[in-house]
Every structure is written in structure tokens, then in C-alpha cells.
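Structure first, commentary second.
The values are calculated or read from the model by the stated rules, or taken from the named source; none is laboratory data. On a predicted model such as this, the values are computed, not experimentally measured, just so you know. Cβ atoms come from the backbone with ideal geometry, glycine included; neighbour counts cover every protein chain shown. These accessible areas exclude ligands, DNA and RNA; they are computed on the full protein's heavy atoms, side chains included. Shrake-Rupley method; radii C 1.70, N 1.55, O 1.52, S 1.80 Å.
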Amino acid sequence: VVSVAAILALGAQAAFRFSACPDVKPMETFDVDRYTGQWYEIVRDKWTPFELMAGCVNVVYTKRDEKSVVVDNAGYIPLYGWDNSIGAAVRAEGRDDAALIVNFQREP
């Protein structure tokens, strides 16, 4: 089990940074219909503790209205089974672009 964890950690694409984060801009528009559906993780941040040892990590986005979606993150953890976390993503107030705020603290 430890060797599998080491291999997974070495394959992760994250690293500590000693410089500022890049200036990333959100998309100009948000098309909720194109955003919904099931998406699978391709690259993992090795410093994300809730995904440690998880496989087949995916998220399902379900449309609530034109400005928000339900977010259902899931993954398979050996010896535990499937685990998920449900939250909501809403358009950021006062923004005309596709900036979203995701909250997993309460039910959508």
C-alpha cells in the first residue's frame, strides 16, 4: 500500500511555489448547459488531502438555474469504497464573466 501511495504522489503535478501565482482570468461567459455533466480528473494536485489514495475521481455538475450548478465530487478509495462531497457553484456577484464561487459547507 505504501509503494502505491508513493507512486501516486510522484505522479502528481503539484509542487510548492516560491513565486506569485499566475494571473489567470475566468472565461468571459458562462454557459451552464455546456458545463453540466460528468467530468473526470486528469491531473491531481498531490497536496489535496481529501483525494489521497482516491481513484476514478470525478465530478457531476447538475444545473439548478442559469446562474448555479450542484457539484457532486466523488472518488473510489481502496478498503473504504466510494466517497463523495456535495456542494454548489454560483456566479460571483457583481461579475459579468464566468467566475464561480464553490461552497461545500452546506447543502445546495
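Quick notes on this structure:
- Tally of residues being part of a loop (DSSP other than H, G, I, E, B) and under 22 Å from GLY55 (Cα atoms) across the range 66-108: 4
- Among the residues of the range 45-63, at least one is at pLDDT 75 or above and open to solvent by 100 Å² or more (accessible area, probe 1.4 Å).
- Residues in the range 34-61 that are of a type in the set (Val, Ile, Thr) and part of a strand (DSSP E or B): VAL57, VAL59, VAL60.
- Of the residues making up the range 64-86, just one is surrounded by 16 or more Cβ atoms within 10 Å (Cβ to Cβ) and hydroxyl-bearing (Ser, Thr, Tyr), namely SER68.
- Among (1) of a type outside the set (Phe, Trp, Tyr); (2) open to solvent by less than 50 Å² (accessible area, probe 1.4 Å); (3) closer than 16 Å to ALA99 by Cα; (4) out of contact with any Lys or Arg (no Cβ under 6 Å at 6 or more places or on another chain), the one test that MET27 misses: (2)
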